[in-house]
Amino acid sequence: MPNSWNRRDFLKFSLAAGAASGLSFTLPATAADNTPKKGGHLKLGIDGAATTDVLDPASWISSYMMVVGCAWGDTLVRTDPVSGKAIPGLAESWESADKSTRWIFTLRKGVQFHNGQALTAEDVVKTLSRHRDPKFRSGVIAYLSSISTVTSDGDKITITLNESNVDFPLVLSLWNLQIQPGGGYENPNAGIGTGPYRIVKFEAGVYTQLEKNPHDWDSSRGNVASAEVIAINDASSRVAALSTGKVHFISGLSPKIVALLKSGPVTIYNTPGRGHYTLPMMVNTPPFDNNDLRLALKLAIDRQQILDRVLGGYGSLGNDFPVNSAYPLFPADIPQRQYDPDQAAFHFKKSGYSRPIVLDVAEGVFPGAVDAATLFQLSAQKAGIKIDIRRQPDDGYWNNVWRNKPFCVSSWGTRLTQDLIYSLELGPSSASNETHFANPQFASLLKLARAEEDEAKRRTLYHDIALIVRDEGGTLLPVFNNYLNASSNKLQGYIEDVGNDLSNGHVISRVWLNN
Amino acid sequence: MKSLIARGMRSTAPRHPLARAIIHRLLLAVILLWGVSLLIFAAVNALPGDFAAASLGRAATPEAIASIRQSLGLDKPLVTRYLLWMLQIFKGDFGLSWASQQPVSAQLGHRLLNSLWLAGAAALLAIPVALLGGLFAVRYLHRLPDRMITLVSLIILSLPEFLIGYLLIQVLVLHVGVSTFPSTIYDGMSLPDRLSALLLPVLTLAIAVLANMLRSARSALMSVTSTPWMETARLKGLPPLRILWRHAAPNAISPVLTVIAMNLAGLIVGAMIIEVIFVYPGVGQYMVDAVTVRDIPVVQACGLVFAAVYILLNLLVDMLAMAANPRLRFPR
C-alpha cells in the first residue's frame, strides 16, 4: 500500500543511475563527498546506558539500547525520516480490512537472521506474542493491548484488533519490536536479528562492538564496516571524548555547551522532535480541580523565557497539548498561549483560591527542571500567584512524586502518532495519565479519530481534541525540546529523523566516515 | 560465650596471643557481617518503589506490575524473603540479577576485579608519596617545606574529585595526549593498553586520597614527636631523620594504617563519580545502576561485599598494627 517514494529509495535509484552511466566517476569532488563511503570503524559515545541493560528488546527503555537495537534488529514496519509515515521494513507491503480492524502484512522474501536461519512469518507471530505476554515484561505491552489475535499463513501475517486503528502499522515500527528467531522465546538475550550489524561483544553499561552483516537484505544502509558504541553517561565526558577525537559522534548535548562547541571542528545536529516537558496538575485534586486556577497557571508561565534560558533556544513553544508540528495533522491554527499576568491574575481571583501553590521538582526529570520552576515562580509572582518550590530527590521520583503529588514536573519522549501520545499521556485508561484527566468528550473524539480513514475528517477531530486538552486539561506544557547531538566533521550522512532522537535510532546504519 | 571461644581456641592455638587475637577478630567480623546483612535487607526493602514499576517504565500496566511482583516473590512476607536470601548466601550464591537475569556473582566479581586494579594502582602511587611527604613535613615542621605541603594538600582536599578528573582530562588528553580516554577496560586487552586506560582514573584517585593520607601521616607523626621520650631522643643528640624513622614512625604506624585502609576501601567501593567520568567499569557504578532500577539481589550483594571489604581491611590493619607494635597483642 504505502509504497511511495522516500529519501532512501531516491538515493538508491540515483546511485544506481549514476553508476550505470559512469557519472559517478566524473562528479566534482564536493558532490563526491555526498556519496556514502564504505568501510571504517565508527565510534559513538551514547548516554542512557546502565549495567543492568540486556539485549532482550522487551526491556529497552534508554537511548543507548535504542542505538544498539536498531543496529542489529529490524522491525516489520519502518518510518520515513521526513514525513514520519509508515514504510516497508521486514514487511514489504500491507493492507487493511474491516474498517482497519484487520491488517494483513506480506513478509519480505529471502531475509535471513545473523545465524543463517531464514526469516519466517512464524518468527513475527512469536515475537509479537512474546511482547504481549505479561510474563516477559515488555515495555511496549501497553501499545499492543488492542491486538486480539496474530496468525500467519505462508508469508502473510494477519493481525486483528479489537478496535479500528488506521495508524496501526506504525505501532509495529516501535524499536522494541525487533523480530527475533522464534520470537526470542528461547534466548531473548541472543542479540540475533536481521539488521545491518551483528553483535560481536556486548558488555552492559560499558560498550558494544558491532560488525557489518554481510548478508543484509537492504544494501542501501550500513556504510561503516564496524562500529563501537561506548556508554558515556556523563555529559562533560561525552564532549571531552568528541573533542579528543576518541569518538565520532555523541548524543545528548546540553544546550549550555552548544555555544562552546560551535567554534570547534564539529557538526551540531539540532533536530526538532516530539519530546516535551510538562507541569501536570491533577484535575481531580484541589485546588487543581478548578479550571480557572489551571488557566491562571497556564497564563502565568513565561514560555519564551523558559525556551530561551532553560533550553538555550533549542526547542519550540508548547501550547498545553502534547502535539507539535513534528506530528502529521498538527492543528497549526490554534493560537499560541502567551504569558499574560493580567489575565492570569483575573482567573486566579475568579478561582477563589489565594494560598500559595506547591510545585514538586527534581533536577533529574529534565535538564534545567529546577531553573524552569524558579523562572515560573518569578513570572507567576507578577500575576500575584505565589508558588512554593519543593525540591525532591531524583531517585524514586517517578514512583513517589509523579502521579502522587498534585502539581509537579514531568517529561515525555517521542511517540509514533498523535493517538499514542494522547492515549498515553491523557487517556482515561492509561496508567501514565499524569493529570488524572477524564473528559468523556475527549475520550470519544480520540476513539473516533483512531478509526477515521478520511484524512480531512481526522484533521478536524484532532483539532477539537487539542482544544479540549489545551483549555480544560491539567497539562501545563511550556516547551518542546529539540534533540541535540554532535559529531566530528569526519562523520557524514546523518539524517535528522522526525521519528526519534539519534536518527530514529538508526545513526549507525545511516552515516559514513570520510578520511 | 567468651569462655566457650577461649576453650575452643586452646586446642588450635595454645597460648599464642597473636593467633588468638586474630581468631577473635575473625569471629567478630562474621557477626558484624551478619548484622550488616540485616541492615542492608531492611534498608533495601524500605526503598520506595520497586523493580516491577521501575523496569516497565512509563507504559506499565497494573496487571503487568502485579505479575512481575509475583514472579520475583515480592508478594512474600519480608521475613521469608530474608531467610531465603540468607539460605542462598550460605550456599555461596548471590542469585540472579532481576534486570539482566545473569548470575550476580559473575558480574560483581568481574567489576570488583576492575575496581581492585584501580584501587591497587592508586594506592601504590599514593601511599609512598603520602608517607614520605608526611615525614618530610614533620622533619621541617612549621618551616617553608611543611607550609607548602600543608597548603597544597588543603587545596587538593577542597577540590571535588570530579574537578580533578576534568582538569586531568584537559591537561593529559587534550594538551599532552599521553592517556587514553574514555578509560573503558575490556577482556583481552593488552597490559600496556590497560595501563594507559587506567592512567587517568588512577591519577585522579591517587591525588584525591593523597592529601588525606599525607595530612594524617603528618599529624600522627607530630603527636608522637611531642612526647617526652622523643624529647629525650632529641636531647641525646640523635640526628632528626633517624629519630623520625627509628623511633617515631613505628609508633605512628597504627593511626596512619587506619587512614590508609579507610581510603583504600573508599577507593574500591566509592569511586563512582570517577567511574562515571572516565567510563570505567567498576563496582560502584554497578551498584548505583542496580539501585536505580531496584534490582534488589544486586544491591544486596553489593552491600554485603562492600561491608566485607571494609571489615577485611580493618582486620588487616589491626593485624599489621599488632605485628608492628607487640603491645597491641594484649588487650587492656
Subject >> Conditions (1) farther than 27 Å from B:Ser179 by Cα; (2) touching a residue at least 24 places away in the same chain (Cβ under 8 Å); (3) among the hydrophobic types (A, V, I, L, M, F, W, C); (4) surrounded by fewer than 21 Cβ atoms within 10 Å (Cβ to Cβ); number of the one not met by B:Ala233 >> reply: (2)
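Considering A:Thr158, A:Thr194, which residue is surrounded by 24 or more Cβ atoms within 10 Å (Cβ to Cβ) and among the β-branched types (Val, Ile, Thr)?
On the way: A:Thr158 fails: surrounded by 24 or more Cβ atoms within 10 Å (Cβ to Cβ).
From the options A:Thr158, A:Thr194, the qualifying one is A:Thr194.
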Original post:
Does any residue in the range B:84-97 that is on the phi > 0 side of the Ramachandran plot come within less than 7 Å, Cβ to Cβ, of a residue that is modelled with pLDDT of 85 or more and surrounded by 13 or more Cβ atoms within 10 Å (Cβ to Cβ) six or more places away or on a different chain, and which pairs are these?
Top reply: B:Gly95/B:Gln88; B:Gly95/B:Val104; B:Gly95/B:Pro297
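Just checking, does the range B:135-148 include any residue being more than 13 Å from chain A (Cβ to nearest Cβ), among the hydroxyl-bearing types (Ser, Thr, Tyr), out of contact with any helix residue (DSSP H, G or I) (no Cβ under 6 Å at 6 or more places or on another chain) and farther than 30 Å from A:Ile141 by Cα? Steps first, please.
So the first thing to find is which residues in the range B:135-148 are more than 13 Å from chain A (Cβ to nearest Cβ), and the list is B:135-148.
Now drop any that are not among the hydroxyl-bearing types (Ser, Thr, Tyr), which leaves B:140.
Okay, now just the ones that are also out of contact with any helix residue (DSSP H, G or I) (no Cβ under 6 Å at 6 or more places or on another chain), so none.
No, the range B:135-148 contains no residue that is more than 13 Å from chain A (Cβ to nearest Cβ), among the hydroxyl-bearing types (Ser, Thr, Tyr), out of contact with any helix residue (DSSP H, G or I) (no Cβ under 6 Å at 6 or more places or on another chain) and farther than 30 Å from A:Ile141 by Cα.
Only one residue in B:Leu132, B:Leu157 is touching a residue at least 24 places away in the same chain (Cβ under 8 Å), within 26 Å of B:Asn251 (Cβ to Cβ) and loosely packed, with under 15 Cβ neighbours inside 10 Å, so which one is that? It would help to see each step written out before you state the result.
Details: B:Leu132 fails: touching a residue at least 24 places away in the same chain (Cβ under 8 Å).
Within the list B:Leu132, B:Leu157, the selection yields B:Leu157.
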Subject >> Residue within the range A:273-285 that is of a type in the set (Gly, Ala, Ser), in a strand (DSSP E or B) and out of contact with any Leu (no Cβ under 6 Å at 6 or more places or on another chain) present >> reply: no
Subject >> Boolean, B:Ile274 is under 30 Å from B:Trp98 (Cβ atoms), touching a Ser or Thr at 6+ places or on another chain (Cβ under 8 Å), more than 14 Å from chain A (Cβ to nearest Cβ) and crowded, with 21+ Cβ neighbours inside 10 Å >> reply: no
Subject >> Conditions (1) outside any helix (DSSP H, G or I); (2) at pLDDT 75 or above; (3) surrounded by 11 or more Cβ atoms within 10 Å (Cβ to Cβ); number of the one not met by B:Gly73 >> reply: (3)
Subject >> Some residue of the range A:373-391 being among the aliphatic types (A, V, I, L, M), within 14 Å of chain B (Cβ to nearest Cβ) and either within 20 Å of the chain's Cα centre (by Cα) or crowded, with 20+ Cβ neighbours inside 10 Å (or both) >> reply: no
**OP:** Any residue in the range A:131-142 that's facing another protein chain (nearest Cβ under 9 Å) and of a type in the set (Gly, Ala, Ser): show its pairings with residues that are crowded, with 17+ Cβ neighbours inside 10 Å and assigned to a loop (DSSP other than H, G, I, E, B) at Cβ separation under 7 Å, as long as the two are six or more apart or on different chains.
**Re:** A:Ser138/A:Asn176; A:Gly139/A:Trp60; A:Gly139/A:Ile61; A:Gly139/A:Asn176; A:Ala142/B:Thr61
Original post:
Which residues, counting only those in the range A:377-405, are aromatic (Phe, Trp, Tyr) and under 14 Å from A:Leu359 (Cα atoms)?
Top reply: A:Tyr397, A:Trp402
Original post:
Got a sec? Which of A:Leu299, A:Leu317, A:Leu311 is away from every other protein chain (no Cβ under 14 Å), farther than 25 Å from A:Asn485 by Cα, in contact with a helix residue (DSSP H, G or I) (Cβ under 8 Å, 6 or more places away or on another chain) and not polar (S, T, N, Q)?
Top reply: A:Leu299
**OP:** Go through (1) of a type outside the set (Phe, Trp, Tyr); (2) at pLDDT 95 or above; (3) crowded, with 22+ Cβ neighbours inside 10 Å one by one and return the number of the condition A:Leu311 breaks.
**Re:** (2)
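Looking only at the range A:392-402, filter to residues that are of a type outside the set (Gly, Ala, Ser) and either in a helix (DSSP H, G or I) or surrounded by 18 or more Cβ atoms within 10 Å (Cβ to Cβ) (or both); which one of those is nearest to the other protein chains (Cβ to nearest Cβ)? Full working, then the answer.
Going through the range A:392-402, the residues of a type outside the set (Gly, Ala, Ser) turn out to be A:392-395, A:397-402.
In the following step, the residues that additionally are either in a helix (DSSP H, G or I) or surrounded by 18 or more Cβ atoms within 10 Å (Cβ to Cβ) (or both) were identified as A:392, A:397-402.
Numbers: A:Gln392: 11, A:Tyr397: 9, A:Trp398: 8, A:Asn399: 3, A:Asn400: 5, A:Val401: 10, A:Trp402: 9 Å.
So the residue we want is A:Asn399.
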**OP:** Keeping to the range B:277-290, report how many residues are facing chain A (nearest Cβ under 7 Å) and under 24 Å from B:Gln101 (Cα atoms).
**Re:** 6
**OP:** Out of the residues in the range A:186-244 that are at the interface with another protein chain (Cβ under 9 Å from one of its Cβ atoms) and aliphatic (A, V, I, L, M), state the one that is nearest to A:Val124 (Cα to Cα).
**Re:** A:Ala204
Original post:
Which of the residues belonging to the range B:102-134 are within 14 Å of chain A (Cβ to nearest Cβ) and over 17 Å from the mean Cα position of the chain (by Cα)?
Top reply: B:Gln102, B:Pro103, B:Val104, B:Ala106, B:Gln107
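Looking only at the range B:170-213, which residues are under 27 Å from B:Ile149 (Cβ atoms) and either within 11 Å of chain A (Cβ to nearest Cβ) or modelled with pLDDT under 80 (or both)? First the steps, then the outcome.
Quick first cut of the range B:170-213, residues under 27 Å from B:Ile149 (Cβ atoms) only: B:170-172, B:175-176, B:178-179, B:198-213.
The answer is B:Gln170, B:Leu172, B:His175, B:Val176, B:Val178, B:Ser179, B:Leu200.
Check the range A:93-103 and report whether any residue there is more than 14 Å from chain B (Cβ to nearest Cβ), surrounded by 21 or more Cβ atoms within 10 Å (Cβ to Cβ) and in contact (Cβ under 8 Å) with a residue 24 or more places away in the chain. Show your work before the answer.
The first filter runs over the range A:93-103 and keeps only residues more than 14 Å from chain B (Cβ to nearest Cβ), leaving A:93-103.
Then keep just the ones that are surrounded by 21 or more Cβ atoms within 10 Å (Cβ to Cβ); that gives A:94, A:103.
From what's left, in contact (Cβ under 8 Å) with a residue 24 or more places away in the chain: A:94, A:103.
Taking every residue of the range A:93-103 in turn, at least one turns out to be more than 14 Å from chain B (Cβ to nearest Cβ), surrounded by 21 or more Cβ atoms within 10 Å (Cβ to Cβ) and in contact (Cβ under 8 Å) with a residue 24 or more places away in the chain.
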Original post:
Out of all the residues in the range A:53-61, is one or more in contact (Cβ under 8 Å) with a residue 40 or more places away in the chain, surrounded by fewer than 24 Cβ atoms within 10 Å (Cβ to Cβ) and touching an Asp or Glu at 6+ places or on another chain (Cβ under 6 Å)?
Top reply: no
Original post:
Would a scan of the range A:352-361 turn up a residue that is over 24 Å from A:Phe480 (Cα atoms) and among the hydroxyl-bearing types (Ser, Thr, Tyr)?
Top reply: yes
**OP:** Exactly one condition in (1) within 26 Å of A:Gln418 (Cα to Cα); (2) outside any loop (DSSP other than H, G, I, E, B) is not met by A:Ala345; state its number.
**Re:** (1)
**OP:** Quick one: which helices (runs of 4 or more DSSP H) lie wholly within the range A:410-494 and hold at least 3 residues that are more than 30 Å from A:Ser237 (Cβ to Cβ) and touching a strand residue (DSSP E or B) at 6+ places or on another chain (Cβ under 8 Å)?
**Re:** A:418-426
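Only residues that are in a helix (DSSP H, G or I) and either within 14 Å of chain A (Cβ to nearest Cβ) or of a type in the set (D, E, K, R) (or both): list them for the range B:76-101, please.
Quick first cut of the range B:76-101, residues in a helix (DSSP H, G or I) only: B:78-90.
Answer for the range B:76-101, where residues must be in a helix (DSSP H, G or I) and either within 14 Å of chain A (Cβ to nearest Cβ) or of a type in the set (D, E, K, R) (or both): just B:Arg81.
Please go through the range A:254-265 and pick out each residue that is outside any helix (DSSP H, G or I) and either at pLDDT 90 or above or over 26 Å from the mean Cα position of the chain (by Cα) (or both).
A:Ser263, A:Gly264, A:Pro265
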Subject >> Positions within the range A:129-138 being surrounded by 19 or more Cβ atoms within 10 Å (Cβ to Cβ) and modelled with pLDDT of 90 or more, in sequence order >> reply: A:Arg130, A:His131
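For the range B:273-288, how many residues are assigned to a helix (DSSP H, G or I), of a type outside the set (Phe, Trp, Tyr) and within 22 Å of A:Val239 (Cβ to Cβ)?
Initial filter on the range B:273-288 (assigned to a helix (DSSP H, G or I)): B:273-278, B:283-288.
Next, only the ones that are of a type outside the set (Phe, Trp, Tyr) stay: B:273-277, B:283-285, B:287-288.
From the residues that got through so far, the ones that are within 22 Å of A:Val239 (Cβ to Cβ) too are B:273-277, B:285, B:288.
The number of residues fulfilling the criteria is 7.
The values are calculated or read from the model by the stated rules, or taken from the named source; none is laboratory data. Everything numeric in this text was worked out from a predicted model, so none of it was measured. All Cβ positions, even for glycine, are placed from backbone atoms using ideal geometry, and neighbour counts span all protein chains on display.
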